[in-house]
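Peer 1: Here it is: the structure, laid out below.
The values are calculated or read from the model by the stated rules, or taken from the named source; none is laboratory data. Since the model is a prediction, treat every value here as computed from it, not as a measurement. So basically every Cβ, Gly included, is an ideal-geometry build from the backbone, and we count neighbours across all protein chains shown. Note: accessible area is taken over every heavy atom of the protein model, side chains too, but ligands, DNA and RNA are not part of it. Shrake-Rupley method; radii C 1.70, N 1.55, O 1.52, S 1.80 Å.
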Amino acid sequence: MTPGSSVHDSDYDRVAATPLTCLSGVGDKVAEKLAARGLLTLQDLWFHLPRQYEDRTELVPIRLLRPGLPSQVEGVVEAVERSYRGRPMLKVAIGDDSQATLVLRFFHFRGTQVAQFAVGTRIRAYGTPRAGQIGLEIVHPSYRVLGTGVEPGLSESLDPIYPAIDGVGPAVLRKLIGQALQRLPDGASMELLPADVFAGEPLCARLPSLREALMILHRPPQGSDVPALLAGTHPAQRRLAIEELLAHHLSLRRQRIAMQSHGAPQLRKARLLDALRERLPFALTGAQARVLAEIRDDLAKPVPMLRLVQGDVGSGKTVVAAMAALLAVEEGKQAALMAPTELLAEQHLANLRGWLEPLGVRVVWLAGKVTGKARDAVLADIAGGAAQVVVGTHALMQEGVVFRDLALAIVDEQHRFGVHQRLALRDKGSSGDSVPHQLVMTATPIPRTLAMAAYADLDVSAIDELPPGRTPVQTVVLSAERRPELIERIRAACREGRQAYWVCTLIDDSDEVVAQAAQTTFELLTQQMPELRIALVHGRLKAAEKQKTMAAFKAGEVQLLVATTVIEVGVDVPNASLMIIENAERLGLAQLHQLRGRVGRGSAASSCVLLYQSPLSRMARQRLETMRETNDGFVIAEKDLALRGPGELLGTRQTGLAAFRIADLGRDAALLPTVQRIGEALLRASPDLAERLTLRWIGGAVRYASA
Ligand code: ADP
Ligand code: MG
């Protein structure tokens, strides 16, 4: 592709960056209000798009009005009725040449307003008609009284309704955007994407240019496809969404390229790894072996690995991570494993100690609770290198933690962390031009399309096979009224020597309230089943106490564990075969799947009971049905995406994905493969364009520490 001459033209950039104070009507005060919404430059206003449209390009005869279809009408006041029964109400009947009457109904009004509606006055009104007591009515229309003077003309384009801005009224905002649009540079200097990048892409056929797209969206011409505009699927919107997705994609790719310009230690000796493999009581699954091979391949290279391992709960990610850690240890270097909760980190610690210490590897523990002399000692071990593998929580990233030679940073359940945190751990190991390898593990599978957008800077591996001998968990969905039946179920499981979880959730997420509810449930269950050994864990307990209870549960001393969602990730007690989740309708699919993953880890047939409060919303019913139908985390992730959208799935802290201006990953997921192809072609042919495009959409502010 040959970039046109305009590509290096800074004219566009100069105009685009003009501060909004250049517009008439924008003084310091208004500028401040706009800035509070991130609107600083002309370009920001160009991309501040309407969220709605109103069609005032024509007058609809009253007789032709249709309920639910927003329309503009004009008529003469025929009657006015004001009543005070119950609450004040004003009804104004207007009629037009179509010999039909429409009622304008107001619940809030002032005396001056009433005076406007003298019989015989001509009114122009806009709103959504609905069926009233007699004929159609519009509640609280926007309207204007027409005088005897010159009639106001009709709009020439659909009226854009912009997202509201505090302190700047809609009419003012519209005028400002109108002014900004008058300064839109010509199409050629705006266009960063040469037409040939779209060639051969079916989804890009017949798309408007960037300039046309912006004009269409701000001032949709009469006859525009309004339903498409409202749904966000209009070609003009698609044009912008593609460009925005492309900019994000390119930004991630660029970071990856920058990252790979660094060096990393080559980790190739596998004597320890083989020793561990020999000693394990099980053989790796095919999927584990494949992913381990991918990791070993990466680690053998002198460039930093950045690999995400997705694997359903129970797929055995930890042992793969342990083996990777051994590769670092054997080269005389260190590995760190960071988990988002103490409970999970402790579990990793126990596993890693069990596997690595017999091989003579020193594994140390660092969490927030490690303080004083103990902390000093651990820090000294980490700095001196005596600590070969370090397991812990966020505490690993704190100041004062200095590694002698960190070669591999492993982050578990990355969705619980921000990207910054992952990078903070990595930075602990940077020395000179060398950075540690990074391994990220998650049990929250991300749909493929989304992974492409969210993780364009990562390589992705999937452990898509469970260890043999697991029987899939049977899931039942029950109304909370049937709670008494569960007592018998729990007794039965415990009689067979099995264990059970009872998970308490509440809509109120405050630790305290949930802990209280768990406490109450615990007391109730203890009363109902005095013969069982029941224990309680929640987030408000001291770490040592939690640990003790978990250990007792793991050892089988506790039969029924009443818990909050603190047990969501990582807890591994294969003998537990029954889980009851209260208020399951309030949890997202990913979370339910995580919780359910605590059972079905042994060979016994396991079950999960999802209790819900009636009545169930349709959406909630669908979610619970999905849980009943499948145990496959990837299927569940796809459903979750469809039901809830990507924002919730990834969490807002993730990669800034929630910060899209136009694109919507749920709606636009189908565009992603196209975006990826265009992106690769653009990076090859015109890296300078890629750079400018990223700047336009994402700005100079690189979203995470320069890779
Ligand atoms: P997750 O992927 O959810 O983190 P874990 O690493 O906790 O899963 O593994 C779950 C359980 O399966 C652990 O008890 C682990 O020791 C065991 N496990 C891992 N790999 C295998 C395997 N190949 N065969 C049998 N059991 C395995
Ligand atoms: Mg795990």
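Peer 1: Condition check: buried (at least 24 other Cβ atoms within 10 Å of the Cβ), touching a residue at least 12 places away in the same chain (Cβ under 8 Å) and within 16 Å of ligand 1 (Cβ to nearest atom). Does Ser603 satisfy that?
Peer 2: Against the criterion (buried (at least 24 other Cβ atoms within 10 Å of the Cβ), touching a residue at least 12 places away in the same chain (Cβ under 8 Å) and within 16 Å of ligand 1 (Cβ to nearest atom)), Ser603 does not qualify.
Peer 1: For segment 137-191, which positions are open to solvent by less than 50 Å² (accessible area, probe 1.4 Å), touching a residue at least 60 places away in the same chain (Cβ under 8 Å), within 28 Å of Val30 (Cα to Cα) and part of a loop (DSSP other than H, G, I, E, B)?
Peer 2: Ser155, Leu158, Tyr162, Pro163, Leu184, Pro185 - these are the residues of segment 137-191 that are open to solvent by less than 50 Å² (accessible area, probe 1.4 Å), touching a residue at least 60 places away in the same chain (Cβ under 8 Å), within 28 Å of Val30 (Cα to Cα) and part of a loop (DSSP other than H, G, I, E, B).
Peer 1: What's the total number of residues in segment 562-591 that are modelled with pLDDT under 90, among the hydrophobic types (A, V, I, L, M, F, W, C) and within 15 Å of ligand 1 (Cβ to nearest atom)?
Peer 2: So the count comes out to 5.
Peer 1: More than 13 Å from ligand 1 (Cβ to nearest atom), surrounded by 24 or more Cβ atoms within 10 Å (Cβ to Cβ), among the hydrophobic types (A, V, I, L, M, F, W, C) and in a helix (DSSP H, G or I): does that describe Val378?
Peer 2: no
Peer 1: I want to confirm something. Restricting to segment 461-476 and keeping residues that are buried (at least 18 other Cβ atoms within 10 Å of the Cβ) and more than 16 Å from ligand 2 (Cβ to nearest atom), which single residue is farthest from Arg307 (Cα to Cα)?
Peer 2: Among residues in segment 461-476 that are buried (at least 18 other Cβ atoms within 10 Å of the Cβ) and more than 16 Å from ligand 2 (Cβ to nearest atom), the one farthest from Arg307 (Cα to Cα) is Thr475.
Residue-by-condition table, conditions (1) open to solvent by 50 Å² or more (accessible area, probe 1.4 Å); (2) touching a residue at least 12 places away in the same chain (Cβ under 8 Å); (3) assigned to a helix (DSSP H, G or I):
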residue: Arg14; (1), (2), (3): yes, no, yes
residue: Ser24; (1), (2), (3): yes, yes, no
residue: Leu45; (1), (2), (3): no, yes, yes
residue: Thr57; (1), (2), (3): no, yes, no
residue: Val60; (1), (2), (3): no, yes, no
residue: Pro67; (1), (2), (3): yes, yes, no
residue: Val76; (1), (2), (3): no, yes, no
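Peer 1: Scan segment 297-304 and tell me whether some residue there is surrounded by fewer than 21 Cβ atoms within 10 Å (Cβ to Cβ) and β-branched (Val, Ile, Thr).
Peer 2: Within segment 297-304 (the criterion being surrounded by fewer than 21 Cβ atoms within 10 Å (Cβ to Cβ) and β-branched (Val, Ile, Thr)), the answer is yes, since at least one residue qualifies.
Peer 1: Also, quick follow-up: Could you please give the count of residues in segment 461-509 that are closer than 21 Å to Ala535 by Cα and touching a Lys or Arg at 6+ places or on another chain (Cβ under 8 Å)?
Peer 2: Summing the residues that are closer than 21 Å to Ala535 by Cα and touching a Lys or Arg at 6+ places or on another chain (Cβ under 8 Å) in segment 461-509 gives 3.
Peer 1: Does any residue in segment 337-361 that is under 21 Å from Thr442 (Cβ atoms) come within less than 6 Å, Cβ to Cβ, of a residue that is away from ligand 1 (no atom under 12 Å from the Cβ) and hydroxyl-bearing (Ser, Thr, Tyr) six or more places away or on a different chain, and which pairs are these?
Peer 2: Every condition considered, the pairs that remain are Glu342/Thr393; Ala345/Thr393.
Peer 1: Which condition does Asp225 not pass, out of (1) among the acidic types (Asp, Glu); (2) at pLDDT 90 or above; (3) away from ligand 1 (no atom under 16 Å from the Cβ), if it passes all the others?
Peer 2: Looking at each condition in turn, Asp225 falls short on (2).
Peer 1: I've got another one for you. Conditions: (1) open to solvent by less than 10 Å² (accessible area, probe 1.4 Å); (2) modelled with pLDDT of 90 or more. Val440 meets all but one. Number of the miss?
Peer 2: (2)
Peer 1: Which residue out of Glu212, Glu243 is crowded, with 21+ Cβ neighbours inside 10 Å and away from ligand 1 (no atom under 16 Å from the Cβ)?
Peer 2: Result: Glu243 is the single residue among Glu212, Glu243 that is crowded, with 21+ Cβ neighbours inside 10 Å and away from ligand 1 (no atom under 16 Å from the Cβ).
Peer 1: Any idea which residue in segment 396-418 is farthest from Asp632 (Cα to Cα), counting only those that are buried (at least 18 other Cβ atoms within 10 Å of the Cβ) and modelled with pLDDT under 80?
Peer 2: Phe417
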